[in-house]
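A.B. asks: Can you read through this structure? Questions will come right after.
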Amino acid sequence: MPALKKSDFDYHLPSELIAQAPLAERSASRLLLVPPAPQAFDDRHVRDLDQLLQPGDLLVFNNTRVIPARLFGAKATGGRVEILIERLLGEHDVRAQVGVSKSPKPGSFIDLDAGGQAEVLGRDGEFYLLRLHVPGDLQDWLEQAGRLPLPPYITRDVENADKQRYQTVFAKEAGAVAAPTAGLHFDQALLERLRVRGVQVGHITLHVGAGTFQPVRVDDLAQHQMHSERAWVSQELVDRIKATRAAGGRVIGVGTTVVRALESATSDGVLSAWQGETRIFITPGYRITSVDAMVTNFHLPESTLLMMISAFAGRSRVFAAYAHAIEQRYRFFSYGDAMLLFPGPQDAQDA
């Protein structure tokens, strides 16, 4: 198998197809059905999922909750600082990206615009370790003082509506700095129709980190250092997945984060309860066994997420689907449309 290159996953996307805001109704987003080749693509809507899925199927969601992780402040010298919390570490300690013209030294303080201070404890690779001197519970304070960290390709300012719409309706476990975007399409009405249809629901937790926005910086993918994220897969979910498959049902992962968590919990094809840090990097040549289909948004060129779905369905099939979506003016990225993707044979160059 030839070495995989980052450039193998590039494509041209007209900038006007990058969704800057969500649709008024979550499940009104378009859904591109991508069955295995040579079956044709089918242009549908997310609200059609109760017709496309079968009784006994199992949808697995990521129930992480996005925290308002962006803070602004100033150094003692007056230099402006932007902080993006990557992870909550303790009662008041965080790991964060710090945007500043000159790196702050350990022991220095950043005065936060919202009140309080961030004390610089040290470095952790590309991140800083900070202690936030703020009143009360840190998560409660962030809910009031922090700003939602919309992705960098959304160029408008954060609006009040984003606090609800950049969060899934089933978000529960606080800790993500980016939404598991495939789950954004599901509203309570659709979930109820799926329940009536006989489709089951399960959850993993994976706290999406700031690394999800970091570009791949090397062309040789074998040299890429994958970012780490925390994930939890419960025994209850493992039992439900096994029961679903034993009864002939399908497991549908809603989003790449679900697949990342489930594959991290899989060893030699066997899924087990698991929690921990995952750095799994899924590219063509890797065989995904934990799900039978995926609901996923359209991903950035040269991104690790595009590489993952290419491993699942075959790179040529995925790129044909993306070409169709661009031609049909689908909306791309976090607030964009989705696809229902089924596995296909690996391309010769992927095998």
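A.B. asks: What is the number of the single condition among (1) assigned by TED's automatic domain parsing to the domain that holds residue 178; (2) at pLDDT below 95 that residue 31 does not meet?
C.D. replies: That leaves (2) as the condition not met.
A.B. asks: Here is a follow-up. Which one of these does residue 149 not meet: (1) free of Cβ contacts under 8 Å to residues at least 12 places away in the same chain; (2) within 14 Å of residue 65 (Cβ to Cβ); (3) not small (Gly, Ala, Ser)?
C.D. replies: Of the numbered conditions (1) free of Cβ contacts under 8 Å to residues at least 12 places away in the same chain; (2) within 14 Å of residue 65 (Cβ to Cβ); (3) not small (Gly, Ala, Ser), the odd one out for residue 149 is (1).
A.B. asks: Just need a number here: residues in the stretch 165-198 that are closer than 24 Å to residue 83 by Cβ and either without any contact (Cβ under 8 Å) to a residue 40 or more places away in the chain or assigned to a helix (DSSP H, G or I) (or both).
C.D. replies: Qualifying residue count for the region: 2.
A.B. asks: Further question: Under 24 Å from residue 52 (Cβ atoms) and not β-branched (Val, Ile, Thr): is that true of residue 176 in this structure?
C.D. replies: Values: under 24 Å from residue 52 (Cβ atoms): no; not β-branched (Val, Ile, Thr): yes.
Judged against the criteria, residue 176 is not a match.
A.B. asks: Moving on to the next point. Could you check the stretch 154-191 and list, in sequence order, the residues that are crowded, with 20+ Cβ neighbours inside 10 Å and of a type in the set (S, T, N, Q)?
C.D. replies: Residues satisfying the conditions are 168, 181.
A.B. asks: Among the residues in the stretch 199-217, are any assigned to a strand (DSSP E or B) and farther than 30 Å from residue 50 by Cβ?
C.D. replies: No, every residue in the stretch 199-217 fails to be assigned to a strand (DSSP E or B) and farther than 30 Å from residue 50 by Cβ.
A.B. asks: Of all residues in the stretch 139-153, which are of a type in the set (S, T, N, Q) and surrounded by 14 or more Cβ atoms within 10 Å (Cβ to Cβ)?
C.D. replies: Matches in the stretch 139-153: 139 only.
A.B. asks: Moving on to the next point. Quick check on the stretch 94-132: of everything there that is assigned to a loop (DSSP other than H, G, I, E, B) and charged (D, E, K, R), which residue is farthest from residue 74 (Cα to Cα)?
C.D. replies: Of everything passing the filter in the stretch 94-132, 126 is farthest from residue 74 (Cα to Cα).
A.B. asks: Can you give me the number of residues within the stretch 226-262 that are at pLDDT below 95 and in contact with a Phe, Trp or Tyr (Cβ under 9 Å, 6 or more places away or on another chain)? So that I can check it myself, show each step before the final result.
C.D. replies: Here is the first cut: in the stretch 226-262, the ones at pLDDT below 95 are 226-228.
After this cut, where a residue has to be in contact with a Phe, Trp or Tyr (Cβ under 9 Å, 6 or more places away or on another chain) as well, the list is 226.
Total meeting the criteria: 1.
A.B. asks: Quick one: which residue in 40, 76 is out of contact with any Lys or Arg (no Cβ under 8 Å at 6 or more places or on another chain), free of Cβ contacts under 8 Å to residues at least 12 places away in the same chain and surrounded by fewer than 18 Cβ atoms within 10 Å (Cβ to Cβ)?
C.D. replies: Of 40, 76, the one residue that is out of contact with any Lys or Arg (no Cβ under 8 Å at 6 or more places or on another chain), free of Cβ contacts under 8 Å to residues at least 12 places away in the same chain and surrounded by fewer than 18 Cβ atoms within 10 Å (Cβ to Cβ) is 40.
A.B. asks: Do we find a residue being more than 30 Å from residue 240 (Cα to Cα) and at pLDDT 95 or above anywhere in the stretch 45-59? Reasoning before the result, please.
C.D. replies: Pass one, the stretch 45-59, residues more than 30 Å from residue 240 (Cα to Cα): none.
No; the residues of the stretch 45-59 include none that is more than 30 Å from residue 240 (Cα to Cα) and at pLDDT 95 or above.
A.B. asks: Looking at (1) at pLDDT 95 or above; (2) closer than 19 Å to residue 38 by Cβ; (3) in a loop (DSSP other than H, G, I, E, B), which is the one condition that is false for residue 344?
C.D. replies: The one condition residue 344 does not meet is (1).
A.B. asks: Tell me whether the stretch 295-316 contains one or more residues that are in a loop (DSSP other than H, G, I, E, B), among the charged types (D, E, K, R) and either surrounded by fewer than 24 Cβ atoms within 10 Å (Cβ to Cβ) or in the same structural domain as residue 57 (by TED's automatic domain parsing) (or both). Write out each step before concluding.
C.D. replies: From the stretch 295-316, those in a loop (DSSP other than H, G, I, E, B) are 298-303, 314; that's our starting set.
So of that shortlist, the ones also among the charged types (D, E, K, R) come out as 302.
With the extra rule that they be either surrounded by fewer than 24 Cβ atoms within 10 Å (Cβ to Cβ) or in the same structural domain as residue 57 (by TED's automatic domain parsing) (or both), the set shrinks to 302.
Yes, there is a match, as at least one residue in the stretch 295-316 is in a loop (DSSP other than H, G, I, E, B), among the charged types (D, E, K, R) and either surrounded by fewer than 24 Cβ atoms within 10 Å (Cβ to Cβ) or in the same structural domain as residue 57 (by TED's automatic domain parsing) (or both).
The values are calculated or read from the model by the stated rules, or taken from the named source; none is laboratory data. It should be emphasised that the depicted structure is a prediction, and the values quoted were computed from it without experimental measurement. When we count neighbours, we look across all protein chains shown, and the Cβ atoms used for this are built from the backbone with ideal geometry, even at glycine.
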